[in-house]
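See structure below.
The values are calculated or read from the model by the stated rules, or taken from the named source; none is laboratory data. Predicted, not measured: the structure shown is a model, and the values here were computed from it. Please note: Cβ atoms are built from the backbone with ideal geometry, for glycine as well, and neighbour counts cover all protein chains shown. When the accessible area is computed, the model is the full protein with side chains, heavy atoms only, and any ligands, DNA or RNA have been set aside. Shrake-Rupley method; radii C 1.70, N 1.55, O 1.52, S 1.80 Å.
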Amino acid sequence: MIKFLKNALHNLLSASYPQSKMLAALLLLVAVALSFAPFLFQGTVAYNTYTKICIFIVLVASYDMLIGYTRIVSFAHTMFYGIGAYAMAITLKQLGPQWSSVMVGLSLGLIVALLAALLIAVFSLRVQAVFFSMVTLAIASAFAILISKLYTITGGEDGMIIRTPQEIGPAFKLVAEKVLGFDVIQFIAAASIDPSNVERHFEAAFFKFYFNGKTVLYYGIFTLSTLLFLLMLRWMNSPFGRVLQAIRENEFRAQALGFSTVYYRTLNVCLSALVAATAGAMTALQLKYVSPDVTLSFTIMVNILLMVVIGGMGTLYGAVLGVSLFVLAETYLQDLMAVVYSKLGEDFVWAGLFNPDRWLLWLGVLFILSVYFIPRGIVGELRYRAEGRRIKAAGLVKDDQL
Amino acid sequence: MKGNLINSQLLLPCIKPIPLLFLAVFGLSLLAMPAATWVTISIAGLSMGAMLFVMSSGMTLIFGLMGILNMAHGAFITLGAFIGASVFISLRSVGDGLGELADLALLLPAILVSSLVCALLGYLFERLIIRPVYGDHLKQILVTVGGAIVIEQLIQVFWGPNEIPLPRPEMLRGSFIIADIAIQKYRILAVLIGLAVYWSMLRVINHTRIGLLIRAGVENPEMVEALGYRIGLVFVLVFIAGAALAGVGGVMWGLYDEMITAQLGEQLLVQVIIVIIVGGLGSIQGCMLAALLVGLLSSYMSYLLPALAPFSSIGLMLAVLMWRPQGLIPIMKT
Amino acid sequence: MAQENRRESAAKPLLSLSGVHTHIGHYHILAGVDLQVYPAEIVVLLGRNGVGKSTTLRTIMHLWQASKGNICFDGSDITKLSTSQVARRSIAYVPEDMGVFSKLTVQENMHLAAREAPLNSERLDWILTLFPTLQKYWQLEAGNLSGGQKQMLAIARAIVEPRKLLIIDEPSKGLAPAMINQLISALQKIQQENSSILLVEQNLHLAQRLADHVYVMDEGRVVHSGAMSHLLENKRLQQQLLGLYFDPLTQHSAEENGQSTAALQSS
């Protein structure tokens, strides 16, 4: 039985284990929290947060395929994300809010994303890697302008509101009565402030909610995200992924061994783009709204960069931790900043630093510090330490001469 | 991949492609519009090109010499614009009523202060942000992106998030009328400044010892060091110069638009990148030619096919990547 | 040629490496190199490919950092100095790829190397007598020169001002035999000027004619040190260290002459 489970896990994770007890614990925590999220966290803000976490784990992991496994910085990822979102939105608008439209919208998004990926690959992978970064920036910017100009179809700067199929709307009730949930955050917060009345807080934390279309949507997104993540794990630990890593380590040698770097890199960009577009489609369904600000802005690109760097490049699991931390911080830390800002008062010149609109400033500083001090990211650091402990435990001495 | 010095002679034995390209651009557009309009728009294009050149020349040299893709270059442009604007506006309010000539002359300190502050910031940026990750291309793109965000946000902290109007001095408003053709005064000044910068840069690069070091350093920085020169110092100087130029370009653009926003540099960065790719990374002449080309194309298209105008420069970049990826004037190995 | 007695009589070496180790990434390239170069001496570093000869030169120039050991030049420890500082101690380096700047003219290449600008015209005349072709191509972009001409330029650049030590990596590589003679005579004249030369060479003919002292390297260490004349006399040593013989009669190594000569020699 145990052997069967072990085998199943091996296949599921494509032999890519966390390699660190701490990391495994954290990942498990995130997985459990997300699996039961509607039952553990109450309210709209929480809903948007955990849904966003699922989608962004997929988006950031797909970016990790590029930056972590081939060390190329692409600025076009939000473009693929936007393509997926807009394709879904436009299709739903033109063809009506049915499930068939959703399928068509998703397919359209995937096709356009694939074409865009090929375009970028063809023009920039023939030359140095640094060209790739610059070309992606230019093309992504041109795409944003295009979306803006085609405002009759896309809604321009204002964006589009979408109607989605009934089954994933709030009116649809999967279960007639309200379902029981337990608000973990409330319990922990209350119990820490007032430990004497733990039992009362425990009872108060229970809540009831309707398992409606929104919950169905969440579980749809959760399932799809999990599948995509496991798929990416499989890709990156397959022979394809190994070749990419070989190219990353030593491009010349990989070419000498007969691997066409252009082919592999192109394939990688395309796969990454397809996953990103799917994430975009999910976002469109969740928010029921698309606009350049929400899908294409450079801020989102920077957010993705930050999440992947803090989480750990080249690990895929880094996306899980990076996204969770970041989205939570983004949602709740900005409130904290607003409090500080109001306390400091507007006369104080430096108060502007705490203006919640200046959230990006701290992001930028954090970003730079992460590149210097935790270049391996959280996952990388955890794995590095675990490996160090393993080497010590096995009694091996680090060979200075090697 | 080594040394793809494709000599233009090899591609087309009798005809040099670059003059031909310009001839085509000028000629075709002349056929498509009345002559007077053509002159006005060409000058518009040339002036835009001149400003783009001032902004891009620093970035191409920095990349050519140090292999650094400075994603914060746009932020330097923005900063230059804001500082120049602040200096100009405050000097103006002090010297109000001194007359038109004084008004114009106040531009000089504005540009000067702007370039000095940008130069200083460039030095700090190189030391604190770039040098620690020198050699690692990935990290260097990341930290410069981070730096760009921080600079842009700090600008909003100190100047507020709104746009700031920047009216031109009286003497630079309006146009000359020559033979029924309207030629904006400011555009002429922009072209003159661009040419002045171009000429000075070429003089320094080709006729001074530091220029020699830069040219040699673009090819083989290790050998320059082995000849007894601290190439690191040369790098810093080039970076500082590049930052200062970005600042000057920012002021110029701000006066052109008569408006500056915190996103100014971010938007212009895309154009700058297109210019340096089309021109050839590391080449000053290439940068000038590319900048003029981008400016002209953009202006002609705005008149002829306005819907396509924002895509003209990116189309040019894609065409260059397809046909001649090392740029108009190749220096770097692709 | 054989001024080995100069070694014994001289007080101190100009350049001395003791116990120098160099790591490049994971690889341990130099595993304890000891060598000395005395004033006005030509020293040749021989050995198979990949034993660390070029790495030794690069370590002296601080293009690779020595992980252990000392490098002393002209009485001071230069192990920790930067490349440009090492160069300014009057050491000129000519790398294997010659390091000629192809977009700069011959004149500009020379100007760049002359740190105490401007070019001293007397010295320049002397250099141009050593390498006449440079005069002819003075204004040409160096990228247009042939391999041999580039080599001439690289060496001319190295001596544009008097230097105490020249470090040259495989100067004869890719050179036509006629040019090699020109090279040999130029290097000899440089030695007469009281400069020392440390040479990495594969061409035994050139090594034979120039070297006062020879070091043979293997696997990151010096395995033989002795006078060139001594090595020339000892065929067994030649075979043992290098796997082939010097042939003093025809002035070519046996390797170049083919198997028949080798057969003759071994009998």
Take every DSSP beta bridge whose two residues both sit in chain C, then give the antiparallel share in percent to the nearest 5.
60 percent
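Please work out the average accessible area per residue across chain B, using the 1.4 Å probe convention, and give it in Å². The partial results should precede the final answer.
Values: 13250 Å² over 334 residues.
The answer is 40 Å² per residue.
Can you pull the percent of the protein assembly as shown's accessible area that's carbon plus sulfur, 1.4 Å probe, other chains left in place?
On the way: 27910 of 44160 Å².
With neighbouring chains kept in place, the figure for the protein assembly as shown is 63 percent.
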Roughly how big is region B:152-263's charge dipole about its Cα centre, with Cβ charges of +1 (Lys, Arg) and -1 (Asp, Glu), in debye to the nearest 20?
400 debye
Looking at region C:137-209, which trypsin sites (Lys or Arg not before Pro) are in a loop (DSSP not H, G, I, E or B) and have at most 16 other Cβ atoms within 10 Å?
C:173
In a Gaussian network model over chain B where Cα atoms closer than 10 Å are linked, find which of B:266, B:222, B:152 has the largest mean-square fluctuation.
B:222
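Tell me which trypsin sites (Lys or Arg not before Pro) from region B:135-188 have a DSSP coil assignment and no more than 13 other beta carbons within 10 Å of their own. Walk me through the intermediate numbers first.
Details: sites: B:139, B:173, B:185, B:187; in loops: B:173.
Answer in residue order: B:173.
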If you take every residue apart from residue C:54 with its C-beta less than 9 Å away from the C-beta of residue C:54, what net charge results, scoring Lys and Arg +1 and Asp and Glu -1?
-1
Vicinal HN-Hα couplings computed from phi for region B:220-233 (Karplus, 6.51 cos²θ - 1.76 cosθ + 1.60; Hz; Gly/Pro x):
7, x, 5, 5, 4, 5, 5, 8, x, 9, 7, 5, x, 5
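Between B and A, buried accessible area summed over both sides at probe 1.4 Å, in Å² to the nearest 100? Write out the running numbers ahead of the final one.
Numbers: alone 16170 and 21420 Å², together 33710 Å².
Its buried surface, counting both partners, is about 3900 Å².
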Within the set B:171, B:55, B:288, GNM on chain B using Cα springs under 10 Å gives the largest fluctuation to B:171
Anchor residue C:173: aspartates and glutamates whose Cα lies under 17 Å away (excluding residues fewer than 8 positions away in-chain):
C:96, C:97, C:201, C:255, C:256
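Counting other C-beta atoms within 10 Å, and keeping those with at most 15, which DSSP coil GluC sites (Glu not before Pro) do you find in region C:168-249?
Values: sites: C:193, C:201, C:219, C:233; in loops: C:193, C:201, C:219.
Qualifying residues, ordered by number: C:193, C:219.
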Taking a probe of 1.4 angstrom, what is the accessible area of residue A:180 in Å², to the nearest 10?
100 Å²
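In debye, nearest 20: dipole of the protein assembly as shown around its Cα centre with unit charges on the Cβ of K, R (+) and D, E (-)?
Working: 69 positive and 61 negative charges, 324 e Å.
The calculation lands at about 1560 debye.
What net charge do the residues around residue A:163 carry, taking every other residue with its C-beta under 12 Å from that of residue A:163, with Lys and Arg at +1 and Asp and Glu at -1?
Values: positive: A:93, A:288; negative: none.
So the surrounding residues net to +2.
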Per-residue accessible area for residue B:303 at 1.4 Å probe radius, Å² rounded to 10?
100 Å²
Considering only protein heavy atoms, with the full assembly of protein chains and a 1.4 angstrom probe, order C:21, C:28 by accessible area, largest first.
C:28, C:21
Comparing each residue of region A:59-80 in the complete protein assembly with the chain by itself (heavy atoms, probe 1.4 Å, ligands and nucleic acids ignored), those losing at least 50 Å² of accessible area are A:71
For the pair B and C, the solvent-accessible area buried on both sides (1.4 Å probe; DNA, RNA and ligands excluded), in Å² to the nearest hundred, is 1800 Å²
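List the residue ranges in chain C for DSSP H helices whose C-alpha atoms run 18 angstrom or more along the long axis and whose Kyte-Doolittle average is 0.0 or above. Intermediate results must be reported in sequence, preceding the final value.
Details: long enough: C:177-192 (23 Å, 0.17).
Passing helices, by number: C:177-192.
Mind pulling up the Rg/Rh value for region A:113-260? Radius of gyration and Kirkwood radius, both on Cα. Please report the intermediate quantities before stating the final value.
Working: Rg = 25.1 Å, Rh = 21.4 Å.
Checking Rg against Rh, the ratio lands at 1.17.
Is there a pair in A:178/A:288; C:68/C:164; B:139/C:150; A:21/A:178 whose C-alpha atoms are over 29 Å apart, and which pairs would that be? All intermediate terms of the calculation are to be shown ahead of the outcome.
On the way: A:178/A:288 24 Å; C:68/C:164 25 Å; B:139/C:150 37 Å; A:21/A:178 38 Å.
The answer is B:139/C:150; A:21/A:178.
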Express the accessible area of chain A per residue in Å², computed with a 1.4 Å probe while the remaining protein chains stay in the model.
48 Å²
Under a crude label model (7 Å from the Cα following the beta-carbon direction), how far is residue C:138 from residue A:21 in nanometres?
7.8 nm
If you count the DSSP beta bridges with both ends in the protein assembly as shown, what percent of them are antiparallel, to the nearest 5?
70 percent
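Subtracting the Cα-Cα distance from 0.36 nm times the residue separation, let me have the gained length for residue A:227 to residue A:100 in nm, one decimal.
Values: separation 127, 0.36 × 127 = 45.72 nm, distance 2.14 nm.
Computed gain between residue A:227 and residue A:100 is 43.6 nm.
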Between residue A:256 and residue A:167, take the C-beta separation as r, use R0 = 45 Å, and let me know the FRET efficiency to the nearest 0.05.
0.25
